[in-house]
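All of the numbers you see were taken from the coordinates with simple rules; none came from a lab. Here the structure is a predicted model, which means the values were calculated and not measured. Neighbour counts are summed over all protein chains in view; Cβ atoms, including those assigned to glycine, are modelled from backbone coordinates with ideal geometry.
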Amino acid sequence: MNGYGELARDLWRAADERRFLALPDRDVFFTELGSDVARRVDELVVVFAGETPPGETPRCRARRLRRALKQAEEIAYQELIFSHSVVAESELEADVEPEPAHAELQYAGVA
């Protein structure tokens, strides 16, 4: 399992350990997810890094490639790790308590 799979595993465990433990073949799942993230990062790095500018110094090249890697990782995390919640949508909706209708007036100092 690569680092991306380990990150996903740790995040999912922290989000809801009961559901995490109920996942069948967790190691296989997170190994595959980590590989998917790595592939997506590789695809995106090329896009974000762009063409090498003429006269670019090695230091500037390293900075440009690091920035591209971070951007690619952010997008891949969002697309493949964070978008698949361990917590069911019905539970997320149940946790949100509606505010009273007069709450807006209280914030405005009217009530």
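Please quote Rg/Rh for the stretch 3-88 to two decimal places, taking the Kirkwood radius as Rh and restricting both calculations to Cα atoms. Ratio of gyration radius to Kirkwood radius for the stretch 3-88: 1.13. Between the listed residues GLY50, ALA22, LEU80, the Cα displaced farthest toward the positive end of the dipole of the stretch 3-88, a dipole computed from Cβ unit charges relative to the Cα centre, is found at GLY50.
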